[in-house]
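See structure below.
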Amino acid sequence: MEKFFLCIAQVAFLFSANFYGWVAHAGFEESTGNAAGDAQASQSSSSTSGIETEEKPVIPLSESNFQDADGSQPEQKIFQLLNSLGIAFSNHVHEPLFTVADAQKIHSLIPGAHIKNLFFKSKKGKFVLLVMLDARALDLKQFQTQLGAGSLSFASAEALQEKLQLSPGSVTPLALMHDSAKGIDVVLDDQIIHQYEVINCHPLRNDRTISIQVRDFLKFIEKMGFEPKILTLPKK
């Protein structure tokens, strides 16, 4: 009888050891999987400042946000157009820049003139695209008088999309390629022309910046069918 109970105890011990060993093993694998998932999530949600030279953004983006109706990436059309015009450029990839304050992050990394682009509509229905140094403040009242276009206000998002096929936060003079009616007055800050050799623009998306020689930038605007007005802007 003692041998019988001893046998039962040994079987129970072996079963218990195997059971808890299996539980411990399963728990270890689940924990490792979560740790890997957390690390991956942390990595994908982190942001890195600076400029990438290869064709991928620093911050993970949904490419579909920048796809045209035909599924292509909009900057490729700009690149092809510049190549066809014999205009050299360099392309920089970075995090999306929505405001002038955002753009300050890349100033020290990309030399040349950094600009802001203001798209106005007058009460008479005339559209004006002003390209100026982003560090400058505009005296709108004096600018209206200087331009002689009447009262100006920022154009709506709908007008921006209709005329330049852009959304707010990604305005660029390179989008003049889309204005087949040539119904936009283009105004350039004379400091860009006289003080810089290179100008930086978004190529239809705000997580890219391309650098172009100022003389080639003027060539581009003229080839698109516009005669830009180069003005000394009033100081605010």
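The values are calculated or read from the model by the stated rules, or taken from the named source; none is laboratory data. This structure is a prediction, so every number in the text was calculated from the model and none was measured. Positions of Cβ are generated from backbone atoms using ideal geometry, with glycine treated the same way; all protein chains shown enter the neighbour counts.
For residues that are among the polar types (S, T, N, Q) and without any contact (Cβ under 8 Å) to a residue 40 or more places away in the chain, scanning just the stretch 85-128, find the one that is nearest to ALA155 (Cα to Cα).
For the stretch 85-128, the residue satisfying everything is SER122.
Residue check: PHE119 meets all listed conditions (1) touching a helix residue (DSSP H, G or I) at 6+ places or on another chain (Cβ under 7 Å); (2) surrounded by fewer than 20 Cβ atoms within 10 Å (Cβ to Cβ) but one, namely (2). Taken over the stretch 129-183, the residue count meeting the criterion of being surrounded by 19 or more Cβ atoms within 10 Å (Cβ to Cβ), free of Cβ contacts under 8 Å to residues at least 60 places away in the same chain and either outside the structural domain of LEU218 (by TED's automatic domain parsing) or assigned to a helix (DSSP H, G or I) (or both) is 6. Among the numbered conditions (1) more than 29 Å from GLN213 (Cα to Cα); (2) at pLDDT 90 or above, the only one that ASN91 does not meet is (1).
When ASN200 is tested against (1) more than 20 Å from ALA135 (Cα to Cα); (2) in contact with a Ser or Thr (Cβ under 9 Å, 6 or more places away or on another chain); (3) not charged (D, E, K, R), only condition (1) is not met. The residue that is surrounded by the most Cβ atoms within 10 Å (Cβ to Cβ), counting only those in the stretch 195-219 that are out of contact with any helix residue (DSSP H, G or I) (no Cβ under 7 Å at 6 or more places or on another chain) and in a helix (DSSP H, G or I), is PHE217.
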